[in-house]
Structure formats: structure tokens, C-alpha cells
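No lab work stands behind these numbers, since they all come straight from the coordinates. None of the values given here were measured: they were computed from a predicted structure. As a convention, Cβ positions derive from the backbone with ideal geometry for all residues, glycine included, and neighbour counts pool all protein chains shown.
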């Protein structure tokens, strides 16, 4: 089964095409607030690079967050529209899972932190399994100091990753047993989305388009500012 993966949870937007043989093509770009403008051409380019047409796709996968409101809305809406048009099933994967997955061979606890703006991060902790990762805590949003407190309370060797970890890197300096991952792993990737989604598709763990719900974890910035409560 060929799967199109759409990833737009952070400042980077991208897509990839792949199946049982792995990722066949991927396109990505980092341009703030231009997700809607970039995504359609990226999908066309990825299909062209993979030498397929949209009708060759057997499924659509999408990153459901947590992440930035506008990017998630664009990605999820595009994925649902394409699944309806092509009449193919959908797979949903969390953004934090996508950041942790490429580090599945580290052997350490993985702390994922995605920049949530307003001095907060979306975060979760993962353990490594043969061939993958297992989420140890549910996705949360909070201040970076809270993540540091969790690390200090744990005796695990920890690898910290994500654009939130990069932004608040100074907080982890000198912490025993804590290492910051290479910035190249800072964003969720469409490649990881395709790989994880294909495994889920083989187990027929599909989600109906009307069941897809972005994992925002908090209200959009625009609504928070309008209500004036600053939350």
C-alpha cells in the first residue's frame, strides 16, 4: 500500500510518499505561516518524484499534533479532503511520536519537546523498543521548567529532542545524564509519518475522516488573546 503522509504541526511543512519498501519521495520546507501555500505543490512534487499519480495512493496519513494551530488545521483539512476525494482510509499519528521515532535506537529515555510558543512546550517521554518507541507519558503542554523537573526526578539517561528543546537548550546544560539531540531531529518528519503509518495500516488501524481531531491541548492564540485571559 502506498501512503501519502502530510506533516504540518510546526514551522516546517512537508509530505512524503512510501510503502512497504520505505519512503519513495519527500518534500519539506521551513517557512512560517505559509503552510497552506506550500502544501499542495509539495504533494504534487512528491508524487512526481515517486513516479505515481494520486490514484495510486492506498491511504493518507496525517500528523494530528500537538502543534501550532494554523499549521495543524491546514494539514488535517488537506488530508481529510484528499482521503474523501480518493476514497482511501486514513491513519493519524501524533507529532511527538514522529519526533521520537528516528531516535528509537538510542537506548535511552527520550524527552520530546515541541515549541508551543508563549513560553510553553508540548512534551512527552518515550522508551525504546525493538524497532520503535513507546510513549511513557501522555502529551502535555507546560513550561520548560516542568520538563526539567521531571528529568531531575528521574534516574534515567535522557536524550532531549525537538525544536522546543533547541529553543530552551540552556536549561539542560550541566544536567547529569541529560543530552540534547542533534538539531537535525528537531521537527516531526513526513518520512517518519509514512513509516509509522504503513505499520499501522498493515494492522488495519485506520481512522475515519470524521473521527480525525487535531490534538491542540490548548485554545488557539487568536481566541486566547480575544478573551483577554492570557491563557
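Of 82, 90, 1, 113, the sequence from fewest to most neighbouring Cβ atoms within 10 angstrom is 1, 82, 90, 113.
For the range 2-61, the alpha-carbon coordinates run over 31, 17, 15 Å along the three principal axes, in decreasing order. The DSSP beta bridges internal to the range 96-185 are antiparallel in roughly 65% of cases. State log₁₀ I(q)/I(0) for the chain at q = 0.07, 0.12, 0.13, 0.15 Å⁻¹ as given by the Debye formula over alpha-carbon point scatterers of equal weight, solvent excluded. After summing over all Cα pairs, the log10 values are -0.22, -0.63, -0.74, -0.96.
Of 178, 207, how do they rank once you tally other Cβ atoms within 10 Å and put the fewest first? Kindly include the intermediate steps, with their values, before the conclusion.
Working: 178 21, 207 17.
Listing 178, 207 from fewest to most nearby Cβ atoms yields 207, 178.
For the pair residue 138 and residue 44, a Förster radius of 30 Å applied to the C-beta separation gives a FRET efficiency near 0.25, rounded to the nearest 0.05.
Across the range 96-185, Cα pairs under 8 Å and at least six residues apart give a relative contact order of 29 percent. Just so you know, the Rg over Rh for the range 96-185 is 0.92, from Cα atoms, with Rh as the Kirkwood radius.
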